[in-house]
């Protein structure tokens, strides 16, 4: 079941193209909503042209969500129909047809990876930052980052305690330990490095609280 990707479509050309682009995955074709079973697939791809109108798409995506629960849904949209997409519909990812080489599998892998992260109790996240507590790894936009142990522990502490203000002395005690003999300036240095690694999109995540210390923006 892990490698079974469902496809809801009655378009023979799209179906064949879909099958040819799956590579490491297997396809299970559906031509009716009534036979969908969550236990048979790890993800469902839905050909938007299977339905006649946008109202039909919205209604039946809602039906699919209720039927499949947390099974992710990939909505396949013809290139000319892209402006009509509504992001409030019940789908997790979308893909434009005709497919570009390698894109179908890439979207499937990313969606399944995101699903696994959401269900993994060892993963904490904020925005596009994901921290694996078991592996001591940090991902930003699904790209693994190079963090030192102290940087990792600082980021973990802030994200697990959003809006809590930590003084520099508190951070020294928690991260470096009571026996650390260096000054509080080492905290500022590590925070500056951490912000640099978080990049432009995330370096305001850790806020300076004047005359006190630092906190994670809620």
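Before moving on, here are some points about what is shown:
- Taking the average, over residues, of other Cβ atoms within 10 Å as the packing measure, peptides 69-79, 17-27 rank 69-79, 17-27 from highest down.
- Take every DSSP beta bridge whose two residues both sit in the chain; close to 50 percent of them are antiparallel.
- Taking Cα atoms only, the orientation of helix 103-119 departs from the longest principal axis of the chain by about 50 degrees.
- Cα gyration tensor shape for segment 4-119, rounded if a/c is under 1.5, else prolate or oblate: rounded
- Length gained on full extension, residue 62 to residue 133: 22.1 nm, using 0.36 nm per residue less the C-alpha separation.
- Nearest 10 degrees, 0 to 90: helix 185-198 Cα axis against the chain principal axis: 20 degrees
- Whole-number D in µm² s⁻¹ for segment 139-217, Kirkwood Cα-pair radius fed into Stokes-Einstein, 10 °C, 1.306 mPa s: 124 µm²/s
- Acute angle (nearest 10 degrees) that the helix 149-160 long axis makes with the longest principal axis of the chain, alpha-carbon atoms: 70 degrees
- Computed lengthening from residue 88 to residue 212, 0.36 nm per intervening residue step minus Cα-Cα distance: 40.5 nm
- The calculated FRET efficiency for the pair residue 105 and residue 204, based on their C-beta separation and a Förster distance of 30 Å, comes to about 0.30.
- By the helix-only formula, in which each DSSP H run with n ≥ 4 contributes -39500 (n - 2.57) and the sum is divided by residues, the chain has a 222 nm mean residue ellipticity of -10000 deg cm²/dmol.
Computed from the coordinates by the stated procedures, all read-outs in this text should not be read as laboratory data. Quick caveat, the model's predicted, so the values are computed rather than measured. Every residue, glycine as well, gets a Cβ built from its backbone with ideal geometry; the counts of neighbours run over all protein chains shown.
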